[in-house]
Structures are given as C-alpha cells and as structure tokens.
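To keep things clear, I will list the structure first and then write my remarks on it.
Read-outs: derived from the displayed coordinates by stated rules, not from any lab. Model, not experiment: these values are computed from the prediction. Every residue, glycine among them, receives a Cβ derived from its backbone with ideal geometry; neighbour counts consider all protein chains shown.
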Amino acid sequence: MAAMTLALAACGGSEPTTTGSAPTSGSPMSGSAPMSAAPTTAAAGGVTQVSDIFGPGCSAVPTSGEGSAEGMVDDPVATAASNNPLLSTLVTAVGKVPGLAETLNSQEAITVYAPSNDAFAAVQQEVGDEAFNALLADPAELGALLSYHVVPQRYDAAQLVEAGKSTELAGGDVTVGGTATAPTLTSGGGTEANVLCGNIPTANATVFVIDKVLMPAAG
C-alpha cells in the first residue's frame with residue numbers, strides 16, 4: 001500500500017475524473033426526489049432520506065430497481081452497493097477481502113466513502129496493471145485500504161463539514177472541506193476527492209460516492 005500511496009501522491013491534487021458515467025448536471029434520480037442541494041441542517045444521527053441526496057453524479061444512479069436510491073434504502077451498505085452499477089469495482093474489491101462485506105453489513109451506523117468505478121480505473125492507469133492487480137490479490141493490504149474509506153460513525157454532509165475531519169475504521173483521518181452542498185475529502189496521503197453523489201441512505205450507513213480512491217499516509 002505504501003508503494004501505491006507514493007505512486008498516487010503526485011496526482012492527489014489533480015482535477016476530478018469526469019466521464020460520461022458521472023454527468024455534471026445535478027438532475028434528480030427520480031421525479032419525487034430533488035437532489036440539487038444538500039440539506040443545511042444536520043440529520044439526526046447522520047441518517048438521511050432519499051430527498052437529501054445531492055451531487056453532480058446522482059443522475060447516473062439508476063432510477064428504479066434495487067440499485068436506485070429508493071432500492072438501496074432498506075439494504076445494509078455492502079448489499080446496497082452490490083446493486084449499484086456505479087460501484088461494481090468497489091464491490092469486487094470488497095469481495096476479495098474475506099468477511100469484509102459481512103462486517104460492513106453488520107455495523108449499526110457508519111459512513112462510507114465509496115470510490116466510483118472511474119476512481120478505481122484512474123488508480124489502475126496511474127500505478128499500472130501489475131501493481132493494481134497485486135493490490136487486489138493481497139487481502140490484508142486491500143482490506144486496510146478499503147477500511148480507510150469507512151467511518152465508524154454515521155454522518156450526513158453537513159455534519160462532516162462541521163466536524164472538519166473523520167477518523168477512519170483503519171486508523172488515520174480524512175480532512176473534510178468545502179460546503180454541505182459540495183464537500184471535499186483530503187486523505188492522509190494527499191488524495192483530494194470530490195463527492196459525486198452524497199447523503200445516500202442505506203439501512204446502516206450514509207454513503208458518499210467519490211471521484212478518487214483515498215490513499216492513507218505512507219507507513
């Protein structure tokens with residue numbers, strides 16, 4: 001992971017990855033759930049509603065079925081993510097760490113920074129196929145990296161920005177900046193990520209789909 005962190009340090013402050021899968025318009029995922037802005041008041045215990053979802057990439061989320069915002073609400077977070085096509089690479093990575101999906105599903109109240117498929121593709125392009133595949137083949141290092149994207153406390157966007165940082169399940173902090181309508185995340189390794197779609201509610205977590213894989217500090 002140290003090698004991955006060092007390799008990505010130079011690109012941590014680069015412009016967010018943009019592709020056709022993450023439109024820049026903030027169109028809603030359904031006609032009944034406007035998502036142009038996050039709520040300005042904190043949700044109780046970080047629990048959000050479908051109407052609280054916001055972000056420029058939300059229009060890429062399915063509008064119906066289990067992978068839609070409405071479909072994810074009643075499922076625990078790992079199960080909910082497995083139904084969302086924007087997170088298929090993350091789901092594959094979680095599946096390579098024995099017991100991680102079950103652990104995530106069993107938590108009562110967590111926050112998950114969920115890198116999009118494009119975020120993982122950018123890492124693979126930056127470090128090369130060999131290093132990327134080596135990471136996927138190492139459950140210990142991969143598990144530590146993925147756990148760095150999990151906060152053992154449930155926050156909504158307003159609470160994250162107010163707190164200014166979050167302490168991750170794997171240890172280490174992520175600095176939170178920006179506003180409740182456009183939060184930014186800066187990892188210990190210097191990765192700067194933007195929220196593509198935030199305040200997504202699941203049964204046990206609030207999810208923020210982000211445009212970078214957060215790399216912890218080396219060592």
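Points to keep in mind about this one:
- Here's the picture: a label point sits 7 Å out from the Cα of LYS165 along the beta-carbon direction, and within segment 181-219 the residues with their amide nitrogen under 17 Å of it are 184-193, 215-219.
- Relative to the Cα centre, the charge distribution of segment 64-194, modelled as +1 at Lys and Arg Cβ and -1 at Asp and Glu Cβ, gives a dipole magnitude of about 160 debye.
- As a calculated quantity, the FRET efficiency between ALA121 and LYS96 at R0 = 25 Å, using C-beta atoms, amounts to about 0.90.
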